[in-house]
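The values are calculated or read from the model by the stated rules, or taken from the named source; none is laboratory data. Note that this is a predicted model, so its numbers are computed, not measured. Every residue, glycine as well, gets a Cβ built from its backbone with ideal geometry; the counts of neighbours run over all protein chains shown.
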Amino acid sequence: MVSELTDLRDRNLATGLQNLLRQIEPDFRELLPQGSTIAKHIAETVVRHPAIAHAGTRAKAVSQSDLIRVLRDLCSDQPAAPIDAAAKQKLKNLLDARVPSGTNNVVEAQAVAERLAAALPGQEAQVKPP
(Lines give C-alpha, C1' and ligand atoms only; values in the text may rest on other atoms or scores of the structure.)
Protein backbone atom coordinates (compact mmCIF):
# COMPACT_ATOMS: atom_id res chain seq x y z
CA MET A 1 0.00 0.00 0.00
CA VAL A 2 2.85 2.39 0.85
CA SER A 3 4.51 1.54 -2.45
CA GLU A 4 1.31 2.32 -4.33
CA LEU A 5 0.77 5.62 -2.54
CA THR A 6 4.31 6.83 -3.20
CA ASP A 7 4.48 5.48 -6.78
CA LEU A 8 7.66 3.59 -5.93
CA ARG A 9 7.14 0.81 -8.46
CA ASP A 10 6.77 3.12 -11.46
CA ARG A 11 9.63 5.35 -10.32
CA ASN A 12 11.83 2.30 -9.75
CA LEU A 13 10.93 0.98 -13.21
CA ALA A 14 11.88 4.31 -14.81
CA THR A 15 15.13 4.47 -12.84
CA GLY A 16 15.97 0.86 -13.68
CA LEU A 17 15.34 1.44 -17.38
CA GLN A 18 17.43 4.59 -17.27
CA ASN A 19 20.34 2.72 -15.65
CA LEU A 20 20.03 -0.14 -18.14
CA LEU A 21 20.09 2.23 -21.10
CA ARG A 22 23.16 4.05 -19.74
CA GLN A 23 24.97 0.74 -19.24
CA ILE A 24 24.15 -0.51 -22.73
CA GLU A 25 24.95 2.74 -24.51
CA PRO A 26 27.25 5.31 -22.86
CA ASP A 27 26.10 7.96 -25.39
CA PHE A 28 22.72 7.91 -23.63
CA ARG A 29 24.35 9.93 -20.82
CA GLU A 30 24.42 12.98 -23.12
CA LEU A 31 22.13 15.85 -22.24
CA LEU A 32 19.21 16.88 -24.41
CA PRO A 33 18.33 20.56 -24.88
CA GLN A 34 15.61 20.35 -22.18
CA GLY A 35 18.26 19.26 -19.63
CA SER A 36 17.39 15.57 -19.32
CA THR A 37 19.79 12.83 -20.35
CA ILE A 38 18.85 10.70 -23.35
CA ALA A 39 18.53 7.66 -21.06
CA LYS A 40 16.16 9.45 -18.67
CA HIS A 41 14.07 10.83 -21.53
CA ILE A 42 13.69 7.41 -23.16
CA ALA A 43 12.95 5.70 -19.82
CA GLU A 44 10.26 8.24 -18.94
CA THR A 45 8.79 7.96 -22.44
CA VAL A 46 8.68 4.16 -22.14
CA VAL A 47 6.92 4.11 -18.75
CA ARG A 48 4.31 6.57 -20.06
CA HIS A 49 3.83 4.77 -23.39
CA PRO A 50 0.14 3.98 -23.97
CA ALA A 51 0.90 0.33 -24.78
CA ILE A 52 2.01 -0.36 -21.20
CA ALA A 53 0.71 2.55 -19.10
CA HIS A 54 -2.93 3.00 -18.23
CA ALA A 55 -5.09 6.12 -18.00
CA GLY A 56 -2.25 8.63 -17.95
CA THR A 57 -0.28 6.83 -15.25
CA ARG A 58 3.19 5.35 -15.55
CA ALA A 59 3.73 1.62 -16.05
CA LYS A 60 4.74 -0.30 -12.96
CA ALA A 61 6.24 -3.29 -14.80
CA VAL A 62 7.15 -4.28 -18.34
CA SER A 63 8.08 -7.60 -19.92
CA GLN A 64 11.08 -7.94 -22.19
CA SER A 65 8.92 -8.43 -25.27
CA ASP A 66 6.75 -5.42 -24.41
CA LEU A 67 9.84 -3.30 -23.79
CA ILE A 68 11.31 -4.16 -27.19
CA ARG A 69 7.92 -3.55 -28.85
CA VAL A 70 7.63 -0.13 -27.18
CA LEU A 71 11.23 0.80 -28.06
CA ARG A 72 10.61 -0.21 -31.68
CA ASP A 73 7.44 1.89 -31.70
CA LEU A 74 9.36 4.90 -30.40
CA CYS A 75 11.69 4.55 -33.42
CA SER A 76 8.84 4.33 -35.91
CA ASP A 77 7.69 7.11 -38.23
CA GLN A 78 4.59 7.70 -36.11
CA PRO A 79 5.32 6.66 -32.52
CA ALA A 80 2.42 6.35 -30.09
CA ALA A 81 4.26 8.60 -27.61
CA PRO A 82 6.24 11.80 -28.20
CA ILE A 83 10.02 11.40 -28.23
CA ASP A 84 12.86 13.85 -28.80
CA ALA A 85 14.29 13.50 -32.34
CA ALA A 86 17.91 13.12 -31.17
CA ALA A 87 16.94 10.49 -28.59
CA LYS A 88 14.86 8.69 -31.23
CA GLN A 89 17.79 8.51 -33.65
CA LYS A 90 20.23 7.24 -31.01
CA LEU A 91 17.68 4.66 -29.86
CA LYS A 92 17.10 3.53 -33.45
CA ASN A 93 20.85 3.14 -33.98
CA LEU A 94 21.13 1.08 -30.79
CA LEU A 95 18.23 -1.21 -31.66
CA ASP A 96 19.42 -1.74 -35.22
CA ALA A 97 22.87 -2.71 -33.98
CA ARG A 98 22.06 -4.84 -30.92
CA VAL A 99 18.52 -6.21 -30.93
CA PRO A 100 17.61 -9.33 -32.92
CA SER A 101 15.89 -8.38 -36.17
CA GLY A 102 17.91 -5.19 -36.29
CA THR A 103 19.31 -4.31 -39.71
CA ASN A 104 22.91 -5.21 -38.83
CA ASN A 105 21.88 -8.53 -37.29
CA VAL A 106 19.93 -9.56 -40.39
CA VAL A 107 22.88 -8.75 -42.65
CA GLU A 108 25.25 -10.69 -40.37
CA ALA A 109 22.87 -13.68 -40.23
CA GLN A 110 22.60 -13.73 -44.03
CA ALA A 111 26.40 -13.70 -44.33
CA VAL A 112 26.68 -16.64 -41.90
CA ALA A 113 24.00 -18.56 -43.86
CA GLU A 114 25.93 -17.98 -47.08
CA ARG A 115 29.19 -19.23 -45.51
CA LEU A 116 27.40 -22.30 -44.16
CA ALA A 117 25.86 -23.03 -47.55
CA ALA A 118 29.29 -22.82 -49.17
CA ALA A 119 30.86 -25.03 -46.49
CA LEU A 120 28.06 -27.62 -46.64
CA PRO A 121 27.35 -28.32 -50.32
CA GLY A 122 23.96 -29.88 -50.86
CA GLN A 123 22.63 -28.54 -47.54
CA GLU A 124 21.66 -25.05 -48.77
CA ALA A 125 17.96 -25.59 -48.02
CA GLN A 126 18.70 -26.28 -44.34
CA VAL A 127 20.57 -23.00 -43.79
CA LYS A 128 18.29 -20.67 -45.78
CA PRO A 129 15.38 -18.95 -44.05
CA PRO A 130 11.92 -20.37 -44.83
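Summary table
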quantity	calculated
Residue within the range 64-82 that is touching a helix residue (DSSP H, G or I) at 6+ places or on another chain (Cβ under 7 Å), within 19 Å of ASN19 (Cα to Cα) and assigned to a loop (DSSP other than H, G, I, E, B) present	no
Among (1) of a type outside the set (Asp, Glu); (2) surrounded by 13 or more Cβ atoms within 10 Å (Cβ to Cβ); (3) under 16 Å from LEU91 (Cβ atoms); (4) out of contact with any helix residue (DSSP H, G or I) (no Cβ under 6 Å at 6 or more places or on another chain), the one test that ALA43 misses	(4)
Per-region count, the range 53-65, residues more than 20 Å from GLU25 (Cα to Cα) and surrounded by fewer than 20 Cβ atoms within 10 Å (Cβ to Cβ)	9
Test result for GLN110, modelled with pLDDT of 95 or more and either part of a helix (DSSP H, G or I) or farther than 24 Å from ARG9 by Cα (or both)	no
Residue, nearest to ALA86 (Cα to Cα), within the range 17-26, restricted to residues that are loosely packed, with under 13 Cβ neighbours inside 10 Å and either touching a Leu at 6+ places or on another chain (Cβ under 7 Å) or not polar (S, T, N, Q) (or both)	PRO26
Total residues in the range 66-90, condition small (Gly, Ala, Ser) and over 12 Å from ILE52 (Cβ atoms)	4
The range 25-55, residues that are more than 16 Å from the chain's Cα centre (by Cα), part of a loop (DSSP other than H, G, I, E, B) and farther than 16 Å from LEU13 by Cα	GLU30, LEU32, PRO33, GLN34, GLY35, SER36, ALA55
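Quick grid of which residues meet (1) in contact with a Phe, Trp or Tyr (Cβ under 6 Å, 6 or more places away or on another chain); (2) surrounded by 15 or more Cβ atoms within 10 Å (Cβ to Cβ); (3) modelled with pLDDT of 75 or more; (4) within 18 Å of VAL46 (Cα to Cα):
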| position | (1), (2), (3), (4) |
| --- | --- |
| ALA80 | no, no, yes, yes |
| ILE83 | no, yes, yes, yes |
| GLY102 | no, yes, no, no |
| LEU120 | no, no, no, no |
